[in-house]
Amino acid sequence: MIFDCIILGAGASGLMCAAKIKNAKTLIIEGNQKPGLKLLASGGGLCNFYNADLSFKNYYGQNPHFCISALKSFDFEDFKKLLAENKADFTLREDGKFFARSSRSVLDALLNSLGQNIDIRLGCKFKKALKNGDIFEVYAGGEVFKCKNLVCSLGALSHKNMGASSAAFDLAESFGHEIVPPYPALCGVVFTGDLKNRFADTAGISLKAELTCGKNKFLGGLLFTHDGISGPALFNLSLYGIKNKTLEINFCPQIKAEDFIKQNKNGPKHLLSLIERLIPPRLAKAILNGFDKKTADLTKEEISQTAKQINDFSFTVEKLTGYEKAEITAGGISTKEISSKTMMSQKTKSLYFTGECLDISGQLGGYNLAWAWASACAAAKSINEN
Ligand SMILES: Cc1cc2nc3c(=O)[nH]c(=O)nc-3n(C[C@H](O)[C@H](O)[C@H](O)COP(=O)(O)OP(=O)(O)OC[C@H]3O[C@@H](n4cnc5c(N)ncnc54)[C@H](O)[C@@H]3O)c2cc1C
């Protein structure tokens, strides 16, 4: 039999695409034994599925403008209706993030809304696809399936334990698409060298900090872990590629430490006690790195050096937490040869790419799922119209 459409991957994007395909006889092929594993883990089980403040500025890639058309045409009201019809309650938080009652309820809503025309094969690993005339031959789970439209919603490299693979990139390359070098993003930094010892006693500290790498800057939560740093501000910065670059951290963005120390030279006796008024004590110890002195005796140079460590602590990022912990993969299938309106390949008719496999990566806050939904709906609309 020849399917009208085969969707590769039963993740957020693949399921949304299937939910929006009207009558076309469609098969979803998924390598895991269960659909939507990553969706289930999203938002710590509460699935931050959208953001009220959505623009291409929240996305990164070689051409972030690529996402505008699909995001604009995405009918969010319709999606909310789908959730409501399936009793998947959600809340809009003050910061614009939409969270579900549970990720499970979002997954169930998508699965419930699949029409009679949709079949799903679980535990079926996709290997490769070829095109013979107008028909795609899809090799998966030891079988060959045939279809007129092929949608690749295979995600990318983050979280192998949830089914991640390079299959989308391999497929795209086999059809002549360029891959923008991928890297783990929305992830933390692992301390190496001297930093490892210096910050060994800081695990669990969390504070508001300003992080800068090149021309990108984020103000927000920073968390010290057992082996490095994490938190929203760092996650967002990691989107822009921070490996082997200089990361600057302002641990106390609201106060100029140099002025503070000068003004309080007659305050606490020792520098450490003074610094503890600016940043958490264990961090203050790590920042001073064994140095301490009576505040009254500090030289100009010592004040300025200490202040620099607080307001402009910089080091080269040598190691990231990697794909096993990264929420997403940045980079991916170049958008250069994909239609931004339909997600169809401009090299191969009726071949579509949606979701995270494309070189469009969102900040924290529901932007990646918003992209998964929007790109999937754009592809489904094109398939419905053809
Ligand atoms: C822990 C965690 C929390 C997150 N939380 C949020 C959040 O709250 N909000 C947000 O916006 N984003 C969040 N994200 C990111 C978001 O989940 C992803 O961007 C989104 O799931 C991408 O959707 P996708 O359909 O493109 O890929 P995926 O959801 O990864 O789906 C791809 C599917 O393809 C399947 N597959 C892969 N290779 C093969 C193969 N060879 N054969 C068959 N099937 C295969 C996979 O098993 C998977 O089911 C989170 C990510 C993680 C890891």
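The values are calculated or read from the model by the stated rules, or taken from the named source; none is laboratory data. All figures in this text were calculated on a predicted structure; none of them were measured in a lab. Every residue, glycine as well, gets a Cβ built from its backbone with ideal geometry; the counts of neighbours run over all protein chains shown.
Quick check, is ALA376 away from the ligand (no atom under 16 Å from the Cβ), modelled with pLDDT of 95 or more and not in a strand (DSSP E or B)? Against the criterion (away from the ligand (no atom under 16 Å from the Cβ), modelled with pLDDT of 95 or more and not in a strand (DSSP E or B)), ALA376 does not qualify. On the stretch given as the range 22-51, residues that are more than 7 Å from the ligand (Cβ to nearest atom), in contact with a helix residue (DSSP H, G or I) (Cβ under 9 Å, 6 or more places away or on another chain) and farther than 17 Å from LEU154 by Cβ total 9. Criterion applied to CYS152, CYS147 was being buried (at least 22 other Cβ atoms within 10 Å of the Cβ), near the ligand (Cβ under 10 Å from one of its atoms), under 28 Å from LYS381 (Cβ atoms) and at pLDDT 95 or above, and the one residue passing it is CYS152. Within the range 345-370, being part of a helix (DSSP H, G or I) and out of contact with any Ser or Thr (no Cβ under 8 Å at 6 or more places or on another chain) holds for TYR367, ALA370.
Just for the range 144-158: of the residues that are touching a residue at least 12 places away in the same chain (Cβ under 8 Å) and part of a strand (DSSP E or B), which one is nearest to GLY31 (Cα to Cα)?
Of everything passing the filter in the range 144-158, CYS152 is nearest to GLY31 (Cα to Cα).
Scanning the range 17-26 for residues that are surrounded by fewer than 23 Cβ atoms within 10 Å (Cβ to Cβ) and either among the hydrophobic types (A, V, I, L, M, F, W, C) or under 18 Å from the mean Cα position of the chain (by Cα) (or both) returns ALA19, ALA24.
Restricted to the range 159-168, and to residues that are in a helix (DSSP H, G or I) and surrounded by fewer than 22 Cβ atoms within 10 Å (Cβ to Cβ), which residue is nearest to the ligand (Cβ to nearest atom)? Going through the qualifying residues, I end up with MET162. Summed over the range 159-195, residues that are closer than 27 Å to LEU223 by Cα and either touching an Asp or Glu at 6+ places or on another chain (Cβ under 7 Å) or touching a residue at least 24 places away in the same chain (Cβ under 8 Å) (or both) total 18.
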